[in-house]
There are 2 protein chains.
Amino acid sequence: MNKIELTALEEIPLINEGDNLVEIILIALEKNKISLNNGDVLVIAQKIISKSEGRYAFLNEINPSPEANELSNKTDKDPRLVQLILNESKEVIRYRKGVIVVENNLGLIHANAGIDRSNIESDNENPRVLLLPLDPDKSAAEIQKEVLKQTQIKIGVIINDSSGRAWRNGIVGIAIGSSGAKVLSDLRGETDLFGNTLEVTEVGIADEIASAASLLMGQGKEGLPVVLVKGMKESSDMNNAKALIRKASEDLFR
Amino acid sequence: MNKIELTALEEIPLINEGDNLVEIILIALEKNKISLNNGDVLVIAQKIISKSEGRYAFLNEINPSPEANELSNKTDKDPRLVQLILNESKEVIRYRKGVIVVENNLGLIHANAGIDRSNIESDNENPRVLLLPLDPDKSAAEIQKEVLKQTQIKIGVIINDSSGRAWRNGIVGIAIGSSGAKVLSDLRGETDLFGNTLEVTEVGIADEIASAASLLMGQGKEGLPVVLVKGMKESSDMNNAKALIRKASEDLFR
């Protein structure tokens, strides 16, 4: 492997609840004149997974608890949104004005529980927000299976989202769901150029792919939520994106 | 921009102190039959930058201080290596058995100050380790300038390293030096598909490129330390990789 090619698919329409993403993606591949091959990896933006799964919430339907109101005061955030963040989370990790960092229900450490207000059709009188998929590894597995069924081609699927980080400015793409793509590369026992055992044990490959795909997806008006990756050598392992989440007991930074 | 292509250059020899990296890379490009174009981004592994700059240290030449000996006891690490880590750092952020996380002299939060023992020719009686470049942004700028001088082509240069992260398993590539490549994408004031102002303000583009390139570089015997990236739209901004480091005062996680 010495070449990787990433292509953002054009002609992906705005996604609505209930849309068949596999059908839409296969049509887009055809329109883009790109053939799918075994080992290719499809990176799909979380946003269109959530939209197709109807993971919306309307702020007017949320009644903030006293806890949410208190955190709302401390962070200057809409108390209804704070309540939603709490609903989607196991634990508040940090907060300050404008930001609440939580461990969400998936185990991801995420600002505002990954709840998104951009690129969503919404009414100002009753704002609508988009939650993360309930089980992105499952969503990825279903897409992978359906692509296999319809095309007999075995691809990997990664669902990516943009995430803030400790210590560094700027969000980057991370893998929040995965199926059939190598997620972590285990280097234990491998040796270096001089025969010494490597000290590093694992590489977060699916996160690196998710970041690479983010470069093409953009955050704003671009509307390029699907990126096809060709050239990954190791795309047959079945571990899922949960493997990228560090156990709280092993995490020095929460 | 809807396509990005990454190619790891073959025929890069083992790098020694004083080697002219630009000459070596230009020869490799020719051998690989790849033409360089304005706007291309060269991602170069920190390791060969450090090697060419002779950033070695010999453990037998290090006399551990009482502070280093104490931290060595707490972490089960060689006291000479601990002393080197302290020399290369501003502050110890966290430690536990086997790991010392510091803010290094560049401001990077890094396990073991980024000091590396793999892929380095070393004598077991007097182990040799490799330190990070003194000023990777400057190293990148010099390479960019020299490429421009020799070829009249204006490329971006990113120096990447692998780094552990809070909350997530697996190391990923990050940009520790940069010149002529877009480092952070500032989205303030931009709107989404529906005309709403984006909440996200910055994307860590150079880190995403660094991660993408890491996929091809490998950690072990592969020896592919230079990756050429074609297809980046925004490669002319002159901000450097220091812009990716969050100010301590704005960091919730140290």
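Label-point distances for A:Lys33 to the equivalent site in the other copies, using a point 7 angstrom along Cα→C-beta, read 2.3 nm when ranked shortest first. Values of log10 I(q)/I(0) for the protein assembly as shown across q = 0.08 Å⁻¹ run -0.50, by the Debye formula with one identical scatterer at each alpha carbon and no solvent.
Between B:Thr191 and B:Asn60, what is the FRET efficiency for a Förster distance of 56 Å, r being their Cβ-Cβ separation, to the nearest 0.05? My answer for the efficiency is 0.40.
Averaged over A:242-249, how many beta carbons belonging to a partner chain fall within 10 Å of each residue's beta carbon?
Numbers: counts 1, 3, 6, 3, 7, 1, 1, 0.
Per-residue shielding by partner chains comes out at 3.
Once divided by 2.2 N^0.38 Å, the Cα radius of gyration of segment B:103-163 becomes 1.44. This model, with +1 at the C-beta of Lys and Arg and -1 at the C-beta of Asp and Glu, gives chain B a dipole about its Cα centre of some 340 debye. Placing dummy labels 7 Å off each Cα toward the beta-carbon, the span from B:Gln152 to B:Glu30 is 1.7 nm.
Straight Cα distances below 18 angstrom link A:Lys3 to the lysines A:Lys182, A:Lys230, A:Lys233, B:Lys3, B:Lys31, B:Lys33, B:Lys221, B:Lys230, with same-chain residues fewer than 8 positions distant left out. Note on B:Leu134/B:Asn20: beta-carbon distance plugged into 1/(1 + (r/R0)^6) with R0 of 22 Å gives a FRET efficiency of 0.75. When all C-alpha to C-alpha distances in segment B:56-130 are sorted into bins of 5 Å, what percent of pairs does each bin hold, rounded to whole numbers? Bins of 5 Å from zero give 3, 18, 27, 27, 18, 6, 0 percent of pairs. Each copy carries B:Leu252; placing its label point 7 Å along the C-beta direction from Cα gives inter-copy distances of 2.1 nm, listed from smallest up. Packing here is the average count of other Cβ atoms within 10 Å per residue, and on that basis the peptides A:72-85, A:120-133, highest first, run A:72-85, A:120-133.
Our analysis of chain B gives Rg over Rh at 0.99, with the two radii drawn from alpha carbon positions and Rh computed by the Kirkwood formula. Relative contact order of segment B:56-130: what whole-number percent is it, with Cα pairs under 8 angstrom and at least 6 residues apart? This gives 28 percent for segment B:56-130. For A:Glu53, the residues whose modelled amide H falls within less than 5 Å of its own, excluding neighbours fewer than 5 places apart on the same chain, are A:Gly18. Peptide packing for B:203-209, A:227-233 was compared via the average number of neighbouring C-beta atoms within 10 Å per residue; ordered from the highest value, the list is B:203-209, A:227-233.
By the scheme Lys and Arg +1, Asp and Glu -1, what is the net charge of all other residues having a beta-carbon under 11 Å from that of A:Ala28?
Numbers: positive: A:Lys31, A:Lys33; negative: A:Glu10, A:Glu11, A:Glu23, A:Glu30.
Around A:Ala28, the charge tally is -2.
Counting alpha carbon pairs within less than 8 Å and at least 6 residues apart, what relative contact order, in whole percent, applies to chain A? Mind showing how you got there, number by number?
Numbers: 501 pairs, mean separation 65.4, N = 254.
Across chain A, relative contact order equals 26 percent.
Backbone geometry of segment B:13-23 corresponds, through the Karplus equation with coefficients 6.51, -1.76 and 1.60 at θ = phi - 60°, to 3J(HN,Hα) couplings of x, 4, 9, 10, 3, x, 4, 8, 5, 4, 4 Hz, x marking Gly and Pro. For chain B, the mean residue ellipticity at 222 nm estimated from helices alone is -8000 deg cm²/dmol, where every DSSP H run of n ≥ 4 contributes -39500 (n - 2.57) and the total is divided by all residues, rounded to the nearest 500. Inter-chain neighbour count for A:120-130: the average number of beta-carbon atoms from partner chains within 10 Å of each residue's beta-carbon is 1.
For B:Asp76, what is the net charge nearby, where nearby means another residue's Cβ is under 10 Å from its Cβ and Lys, Arg count +1, Asp, Glu -1? Don't skip to the answer; put the middle values down first.
Values: positive: B:Lys74, B:Lys77, B:Arg96, B:Lys97; negative: B:Asp78.
After counting each charged neighbour, the total is +3.
Quick note: the coordinates plus some simple rules give every number you see, no bench work behind them. These numbers were taken from a predicted model, which means no experiment stands behind them. Cβ sites come from the backbone with ideal geometry, for glycine too, and all protein chains shown count toward neighbours.
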